[in-house]
1. Greater than 32 Å separation of Cα atoms is the criterion. Which listed pairs, Lys79/Lys215; Lys297/Lys339; Lys219/Lys325; Lys131/Lys240; Lys190/Lys215; Lys206/Lys296, meet it?
2. Under unit Cβ charges (Lys, Arg +1; Asp, Glu -1), what dipole magnitude, rounded to 20 debye, does the range 422-478 have relative to its Cα centre?
3. Against the globular-protein guess of 2.2 N^0.38 Å, express the Cα radius of gyration of the range 326-413 as a ratio, rounded to two decimals.
4. In degrees, nearest 10, range 0 to 90: what is the angle between the Cα axis of helix 167-184 and the longest Cα principal axis of the chain?
5. Cα axis of helix 468-478 to longest principal axis of the chain: angle in degrees, 0 to 90, nearest 10?
6. Using a Cα-Cα cut-off of under 16 Å, which aspartates and glutamates could be cross-linked to Lys88, ignoring same-chain neighbours fewer than 8 residues away?
7. For Lys430, which lysines qualify as cross-link partners when the Cα separation must be under 25 Å and same-chain residues fewer than eight apart are set aside?
8. Assuming a ≥ b ≥ c are the square roots of the Cα gyration tensor eigenvalues, decide whether the range 3-294 counts as rounded (a/c under 1.5), prolate (otherwise, with a/b larger than b/c) or oblate.
Amino acid sequence: MNMIPTIGMETHVELNTNSKMFCNCPVVETEDPNISLCPTCLGLPGALPVPNLKAIESITMLALSANCSITNNGMFHRKNYFYPDLPKNYQISQFDLPVGVNGSLEIILDECIETVEIERVHMEEDTGKSKHKGSGRIDSATSTLLDFNRSGVPLVEIVTKPVIKSSKEAVSYIEELRQLVIDLGISEGKLEKGNLRFDANISVAKEGDKELGVKVEIKNMNSLRSLEKAIDFEIKRQTKLIESNEKIIQETRHWDEDKEVTSSMRSKEGSADYRYFSDPDLPNMILTDEFINNIKKEIPTLPSDKRKKLIDTGLSMSESNHLGKSEVWIYDLYLDTQKLTNDCKTTYNLITGELQGQLRKAEIENLPEWVNSERLSEIITMINDNKISFTSGKEVLTNLIQNEINPTDFAESNNLIQENDFDEISKIVKDVFEANKEVVQRIKDGEEKLVGFLVGQVIKSSGGNINPSIAKDLLLKEL
Ligand code: ZN
Ligand code: MN
């Protein structure tokens, strides 16, 4: 029996505003606990929240870029629950009137475009941080320390519809969302810093079932690697249960990074358990058409636009997807160089593969200013004109990274230029035939694999400067 997994993602994105969501405490990045606090973000009685306009602008831009309809007359709700790192006993969030609804994001999966439908995009505030001493987990800790620096930092939550079909697709979706918030300039988008945090809702149903299976929520996946592994593990676990006619419990499960398993955390609360009600301390969130139109004008080039531009140069979907998610200088350098070379593949390979790899290996963080599109295009054009081999091109690049050289002069003075003169090569081929009469005869008798040996001999007698494919062509013709 075929099992069909269905996945929905909930992602929290920390915005990069200077101050918190409902007070003017600065957002800080520090290990010093509890240095950026006030009565509002500590939830002291009588303190009143004031919304951060910059955060509202950022979430509106994100919702528009994810093709959402914007709610003109929205509001903030209180989501009531107790947790030590939430001293107000409620989180200010949004309920039935979120900033954006019914959006979509285009992602690339292998060589295809897929659309992930977005259910909602809403504004809320972050909680503080708990540090569980001893085990690191609340259930077995010896004590817990609380740091409220993060309490009240603006958070945007993006919820997809249950439309994702595999762990790979979930990863590709998060990569797209991450690039989107980076390109919009509204978040640093660093997973390792917790700027993006995601939960996955996973269910499995038998093929042909009209309804989705029982949904299990997985928390605590802090890298794309753990997201992929946790989803795959959970799909397998649920599939086994269904196949042996056991019941799946609707619950929240914890991904254990070390053991690579999910384990039960708590039975899942429903939205009624949170007793949502509109926050009486905050006015309605009125987003006028004028406000929305002004934000629209500020939307920069989106990841999907960058991808289209790259596909137009001749790159494949996945190459364009990869390059569009690289650092912006790589993306710009490719486009500038491609304009000069009019070639996509060699330009892509030399810049994303060789250049990036060599810089990393040499531990060079900033590209030397003389390694520019002009010099790179000179190398690429020499390769494409068969003047030098790709291997020699790499050698020129290595030297260009170290010194301000002229690629053509360097290739010439270091004997890297290949011999493309047919008469010249023919002469060498004849000499090689003369010296290897026995081999030639064996090839004629059917030992075709010996051709490679002769090609090697031709290249050797030329001092390594013959283009192997031209040498081979001439050899075969001669045979
Ligand atoms: Zn504060
Ligand atoms: Mn949330």
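Every number in this text was worked out from the coordinates using simple rules, so none of it is lab data. None of the values given here were measured: they were computed from a predicted structure. Quick reminder, even Gly has a Cβ in these numbers, built from the backbone with ideal geometry, and neighbours come from all protein chains shown.
1. Lys131/Lys240; Lys206/Lys296
2. I would put it at about 80 debye.
3. 0.97
4. 80
5. It works out to around 40 degrees.
6. Once the sequence-local aspartates and glutamates are set aside, what remains near Lys88 is Glu124, Glu125, Asp126, Asp147, Asp279, Asp281.
7. Lys430 reaches Lys387, Lys444, Lys449, Lys460, Lys472, Lys477.
8. Judged from the Cα gyration tensor, the range 3-294 comes out oblate (a/c at least 1.5, b/c at or above a/b).
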